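Beneath this line is the structure, given in structure tokens, with notes to follow.
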């Protein structure tokens, strides 16, 4: 009965949310005064974007009278960008003083409901696509599929499910009694190359679009296991090889220099966080073509928690070390020419606040347009969807963010959203 009530609540949430979105049943023309069709190339002035069946069919100069039956949205005074992409989120969770207690009481249904609410906030913040890299398998994969089929409003989701982790590593159950540790430890924990191959195969069987590993220790795991490499090189190589055989790429949570470099050397395609990268690490990024997803917002967030008694002592200690380093890390990565895809680790920070990462990127030396490019073109390539999203061009999904003010002059304009369009449907923030 409890599950049925929760599912009923989800249905009510879905219907209420879709009441704010207009179905795209006819041809629509967006009249854009300033169109950032390809971030990095500047604005196109006075363009008409035609949408049919959720896709962009043309982008033309000027504004023309339209025949009867064509819906026209006048955005001549607005700034229109491609839908934004966050490459690192955790939709089914939001860290808080009660997080560890909620692990003992929340079901997969609860997590999916949490995710539905967080997904809608994310969409209204202008993020029409996300990559979720670490969530309970059943909840996140069900949410992904529900959004894809139109049952729940939210950004399209590419998901890893639970991270593949060494036993006792950052992605494992830590800080619980032995009995609870056995309950919380999933099949994604592995030891040795052969066992890690098994974990990858089981993760893919569960529905993973991408494989995430915890190559080093992490801040919020309740263990004094450091921030350096936790998988052996042969384990990483086995994970990458197995994932490739099954058509998946691998991304690695990694803070410590040794762990970052071990991941890149052994074929991991991208690094989440990258806190301790240096000149040698930057050179390896460029040699291997690896992508960095910096998540500076998470570093700023945990820095503010270092005096909070609800955060376990090992996490407080690591937060005080890691948090203050991340802005400088991103600055060095930019100066070194590392390929950077926008990502926030939202779920550590609050859902819907994803755009705060843009301000931090600008503080690290990026121009506003470079930061937007990282959240469109670069992120679309990173999550293997550049043929579908990332720019406003014919043949791509009709995903757009409409702003009142010019974000190339002040990147904080990305927090004043007038309208979000995803798959041709309109969503208006309250």
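When you go through (1) crowded, with 24+ Cβ neighbours inside 10 Å; (2) under 16 Å from residue 127 (Cβ atoms); (3) in contact with a helix residue (DSSP H, G or I) (Cβ under 7 Å, 6 or more places away or on another chain) one by one for residue 429, which number turns out not to apply?
(1)
What single numbered condition from (1) in a helix (DSSP H, G or I); (2) touching a strand residue (DSSP E or B) at 6+ places or on another chain (Cβ under 7 Å); (3) over 22 Å from residue 286 (Cβ atoms) fails to hold for residue 357?
Only one criterion is unmet by residue 357, namely (2).
Only residues that are surrounded by fewer than 18 Cβ atoms within 10 Å (Cβ to Cβ) and either touching a strand residue (DSSP E or B) at 6+ places or on another chain (Cβ under 8 Å) or under 23 Å from residue 411 (Cβ atoms) (or both): list them for region 56-69, please.
Within region 56-69, 57, 58, 60, 61, 62, 63, 64, 66 qualify.
Are any residues in region 25-55 buried (at least 18 other Cβ atoms within 10 Å of the Cβ), in contact (Cβ under 8 Å) with a residue 60 or more places away in the chain and assigned to a strand (DSSP E or B), and if so, which ones?
The answer is 28, 30, 34, 35, 49, 51.
Where in region 70-147 are there strands (runs of 3 or more DSSP E), lying fully within it, with 3 or more residues that are surrounded by fewer than 19 Cβ atoms within 10 Å (Cβ to Cβ)?
71-82
Does residue 378 meet the test of being more than 23 Å from residue 323 (Cα to Cα), out of contact with any helix residue (DSSP H, G or I) (no Cβ under 6 Å at 6 or more places or on another chain) and either assigned by TED's automatic domain parsing to the domain that holds residue 57 or part of a strand (DSSP E or B) (or both)?
no
Does region 357-370 contain at least one residue that is under 18 Å from residue 37 (Cα atoms) and surrounded by 19 or more Cβ atoms within 10 Å (Cβ to Cβ)?
yes
A quick yes/no check of all residues on (1) within 22 Å of the chain's Cα centre (by Cα); (2) surrounded by fewer than 23 Cβ atoms within 10 Å (Cβ to Cβ); (3) more than 30 Å from residue 428 (Cα to Cα):
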{"residue": "255", "(1), (2), (3)": "yes, no, yes"}
{"residue": "292", "(1), (2), (3)": "yes, no, yes"}
{"residue": "325", "(1), (2), (3)": "yes, yes, yes"}
{"residue": "346", "(1), (2), (3)": "yes, no, no"}
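The values are calculated or read from the model by the stated rules, or taken from the named source; none is laboratory data. Since the structure is predicted, the reported quantities are computational estimates derived from the model, not experimental observations. Cβ atoms come from the backbone with ideal geometry, glycine included; neighbour counts cover every protein chain shown.
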